[in-house]
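Visitor: Here it is: the structure, laid out below.
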Amino acid sequence: MFAVIKANSHQYVVSKGDRIVIPALLGETGKEIEFNKILMIKDEKGVIVGKPYIEGAVVKGIIKNTGKLPKVIVYKFIRRENYRRKKGHRQLFTEIEITEIKK
């Protein structure tokens, strides 16, 4: 059984026991979190597709880790113009372990 969820404007294919990394800070470590924007569920009985979401479906998970991803360097350069810009960015993330998928 797996489900397609929408979290923080991204879509993820998840099943029970999976760990996903979402680029946002959603809560504290150890807290339980619920996703109610379920786009699709597939199990042994068949496929259920939402229009746009499945009513009453919930995917539950536990927040395992939060923090910042490695730094991404953005460098702009125009030759012969004395133009150089260097910026760095570290994206916040939340790692979630999926514990349950309900229809």
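Visitor: Only residues that are surrounded by 15 or more Cβ atoms within 10 Å (Cβ to Cβ) and either in contact with a helix residue (DSSP H, G or I) (Cβ under 6 Å, 6 or more places away or on another chain) or over 16 Å from Thr99 (Cα atoms) (or both): list them for region 54-63, please.
Guide: Once the filter is applied, which keeps residues that are surrounded by 15 or more Cβ atoms within 10 Å (Cβ to Cβ) and either in contact with a helix residue (DSSP H, G or I) (Cβ under 6 Å, 6 or more places away or on another chain) or over 16 Å from Thr99 (Cα atoms) (or both), region 54-63 yields only Ile54.
Visitor: Return only the number of the condition from (1) exposed (fewer than 13 other Cβ atoms within 10 Å of the Cβ); (2) in a loop (DSSP other than H, G, I, E, B); (3) under 17 Å from the mean Cα position of the chain (by Cα) that Glu34 does not satisfy.
Guide: Unmet for Glu34, out of (1) exposed (fewer than 13 other Cβ atoms within 10 Å of the Cβ); (2) in a loop (DSSP other than H, G, I, E, B); (3) under 17 Å from the mean Cα position of the chain (by Cα): (2).
Visitor: Listed residues Lys6, Lys42; which is farther than 11 Å from Glu100 by Cα, in contact with a Lys or Arg (Cβ under 8 Å, 6 or more places away or on another chain), in a strand (DSSP E or B) and of a type outside the set (Phe, Trp, Tyr)?
Guide: Working: Lys42 fails: in contact with a Lys or Arg (Cβ under 8 Å, 6 or more places away or on another chain).
Every option except Lys6 fails the conditions.
Every read-out reported here was derived from the displayed coordinates using simple, explicitly stated rules and does not represent laboratory data. Keep in mind it's a predicted model, so treat the numbers as computed, not measured. Note that we place each Cβ from the backbone using ideal geometry, even for glycine, and neighbour counts take in every protein chain shown.
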